[in-house]
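Trainee: Could you have a look at this structure, given as structure tokens, before my questions?
Read-outs throughout are calculated quantities, based only on the coordinates presented, and are distinct from any laboratory measurement. Because the structure is a prediction, the values reported are computed rather than measured. Here the Cβ positions follow ideal geometry from the backbone for every residue, glycine too, while neighbour counts run over all protein chains shown.
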Amino acid sequence: MIHLSKTAATEVTRLKSKHPNPNALFRLGVESSGCSGLSYTMAFDDAPAPEDAVCESEGIEVAIDPQHLKYLNELTLDYSEDLMGGGFRFHNPNAAKSCSCGNSFSVRE
């Protein structure tokens with residue numbers, strides 16, 4: 001379903017350690033925005049919604065709204081640092097095109 005690299009899982013764990021709820025769930029989603037039409041969203045939630053798809057990768061539970069799953073299924077989330085700083089990288093086989101920043105994408109309808 002969703003794949004996290006070891007470096008992405010380490011960064012999610014680090015961010016989660018700063019969250020007030022140590023049992024918070026990592027949530028991935030999409031929203032209409034960005035130069036290509038859709039942008040990725042990430043957040044921590046206290047609990048999954050009843051209809052959420054929940055999967056586990058590298059020890060991290062990931063919740064996804066079922067309406068977003070068609071855009072995110074088989075996504076690989078990576079994290080890397082370079083001279084400009086660190087950031088998450090999205091490798092999405094469902095994206096027909098992505099903008100140059102990699103945070104916005106579109107799909108074939």
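Trainee: Restricting the count to DSSP beta bridges whose residues both fall in the chain, what percent are antiparallel, rounded to a multiple of 5? Can you show the working numbers first?
Mentor: Values: 24 of 29 bridges.
Restricted to the chain, the bridges split so that about 85 percent are antiparallel.
Trainee: Where a ≥ b ≥ c are the square roots of the eigenvalues of the C-alpha gyration tensor, would you call segment 3-106 rounded, which needs a/c under 1.5, or, failing that, prolate if a/b is larger than b/c, or oblate? Before the final figure, lay out the partial values.
Mentor: Numbers: a/c = 1.79, a/b = 1.17, b/c = 1.53.
It is oblate, given that a/c is not under 1.5 and a/b is not larger than b/c.
Trainee: Still on this structure, I have one more. Please state the relative contact order of the chain as a whole percent: Cα pairs under 8 Å, 6+ residues apart?
Mentor: Values: 208 pairs, mean separation 33.4, N = 109.
Once divided by the residue count of the chain, the mean separation gives 31 percent.
Trainee: Test of understanding: ordering SER80, SER17, SER5 by Cβ neighbours within 10 Å, fewest first, what list do you get? Numbers along the way, then the final one.
Mentor: Values: SER80 12, SER17 8, SER5 18.
Sorted ascending by nearby Cβ count, the order is SER17, SER80, SER5.
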